[in-house]
Amino acid sequence: MSAGYSPRSANADVAFATFVFGIALFATPRAGRRAHAAQMRADFARGYADTRSGTGRIAALGYALGAIADAIGSGLIERATELGRNAAYGLRGARTAPGLSALIVATMAIAIGVNVAMDAAVTHVLGAQLPFSDPATLVAIWETNATNGTTKEALTYDDARAVEAGVHTARVAFFENIFGTLSAPGQPPAYADGIAVSAGFFPILQTRPALGRLLNAKDETRSARSIVISDWLWHRTFNADPHIVGRIVSISDKSYTVVGIAPPRTLTPDDWRGGVGDYDFFVPMTPRDRSAGHLFRMIARPVGNTPLATVDAELGRLFADRARRRTRDADDRPPRRPHRVRRFARSRVRRTHPRLDEDVGRIRERRCTVRRDDERPIRGRTRRFDMREIFLLD
């Protein structure tokens, strides 16, 4: 017996070495492992114990490493051989039944393709980052028209201004489509699609300019028209001219002074564009003809940690007050009479269960209730939906 040897320590060493050897046996094919694993572990334990008691721990360690390497190597060789036999058997079967083999291969290819497509779709819907800052607090405000059953109707200019001035629990902004031919000195005319925005638009989107500045409340009262152009339009039409700020451009024969460049991919929550609008330019909102109709979409963010229910309640009080003061509803046809504000009935707020988890950023709609004099009031409701669902429509 070698120096330092004791039966207790030998038993512990044998148990541990046998355990590691048993793990190495998983490299061997299952059929052989089930038939011979117990006998192989017993032979290994006996050999390891004899080597340790006869020549010491170092020799026993070498014996264990050799046995483990032999088990892994022979197991991998056996698995490779088995794989080759199975492949040869499959090729022989394919030659004898080519139609069935082709059907099996096509089915597997389709299944793999569908799996990859579903994984990509789920990743895009649930894992892709929303293209807005802090999307969980972004709110869209719509009207519900009881006359024609429209559940997402844009606001009139007067209604939008009233909400902007009368709501204090949220910051609100509204916008309207503007499009035409863009022309500038030294540049060929080109079609451009943009929006007129109120002063709170860029602060609500939490956007910072890439160059110059963005629009503010003073731009709505200045006699000189201001314009912010998109990063894409800046590169495409003006070759990313670093001195673009201060230049004069024309949109459908109206002159504007460039005051800034929006950052890349400045997107707008806009259900009229399938959920997200990517516009070429932004100009300040100016007073509109009261007969312009329902053209103004509205976005908002609650102030601080104000609950959405509080914003809903304030909107309800605002429109109820307007309904008391204005008794006739505005017509979408160009009227020959003064504009009359839509009549709103105060209603309770009801939420549907969100389709996705609460930690997913959501845009919320505030739907007000509309009625004419000869109709019964219809309850309004608040609906929550996920912007990623809208992206699938884009």
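Starting from 0.36 nm per residue, how many nanometres of slack lie between Thr221 and Ser255 once their C-alpha separation is accounted for?
Working: separation 34, 0.36 × 34 = 12.24 nm, distance 1.57 nm.
In short, 10.7 nm is gained.
How do Arg288, Arg85, Arg79 line up, fewest other C-beta atoms within 10 Å first? Don't jump to the answer; show the numbers that get you there.
Details: Arg288 17, Arg85 10, Arg79 14.
Listed from fewest to most nearby Cβ atoms, that is Arg85, Arg79, Arg288.
What is the spread of the Cα atoms of the stretch 193-275 along each of their three principal axes, largest first, in whole Å?
Over the stretch 193-275, Cα extents along the principal axes are 31, 30, 25 Å.
Report the local net charge at Ala27: Lys and Arg +1, Asp and Glu -1, summed over other residues whose C-beta lies under 10 Å from its C-beta.
On the way: positive: Arg33, Arg79; negative: Glu78.
That sum, taken over residues with Cβ under 10 Å, equals +1.
Subtracting the Cα-Cα distance from 0.36 nm times the residue separation, let me have the gained length for Gln206 to Thr181 in nm, one decimal.
Details: separation 25, 0.36 × 25 = 9.00 nm, distance 2.89 nm.
Separation in residues times 0.36 nm, less the Cα-Cα distance, equals 6.1 nm.
I need Met40, Met285 ordered by Cβ neighbour count within 10 Å, fewest first.
On the way: Met40 20, Met285 26.
Exposure proxy ranking, most exposed first: Met40, Met285.
Fewest Cβ neighbours within 10 Å first, please rank Thr310, Thr221, Thr237 accordingly. Before the final figure, lay out each step's value.
Numbers: Thr310 14, Thr221 8, Thr237 20.
By the 10 Å Cβ count, ascending: Thr221, Thr310, Thr237.
Need the full-extension length gain, Asp278 to Thr151, defined as separation in residues times 0.36 nm minus the C-alpha distance. One decimal, nm. Write out the running numbers ahead of the final one.
Details: separation 127, 0.36 × 127 = 45.72 nm, distance 2.38 nm.
Here the segment from Asp278 to Thr151 would lengthen by 43.3 nm.
Quick one: net charge of Trp272's neighbours, Cβ under 10 Å, K/R +1, D/E -1?
Working: positive: Lys152, Arg273, Arg297; negative: Asp270, Asp271.
Taking every other residue near Trp272 into account, the sum is +1.
Take Arg325 and Leu267, extend 7 Å from each Cα along the Cα→Cβ direction, and tell me the distance between the two endpoints in nm.
About 3.8 nm, to one decimal.
Bear in mind these aren't lab numbers, they're just calculated from the coordinates by the rules spelled out. None of the values given here were measured: they were computed from a predicted structure. Ideal geometry is used to build each Cβ from the backbone, glycine not excepted, and the neighbour counts take in all protein chains shown.
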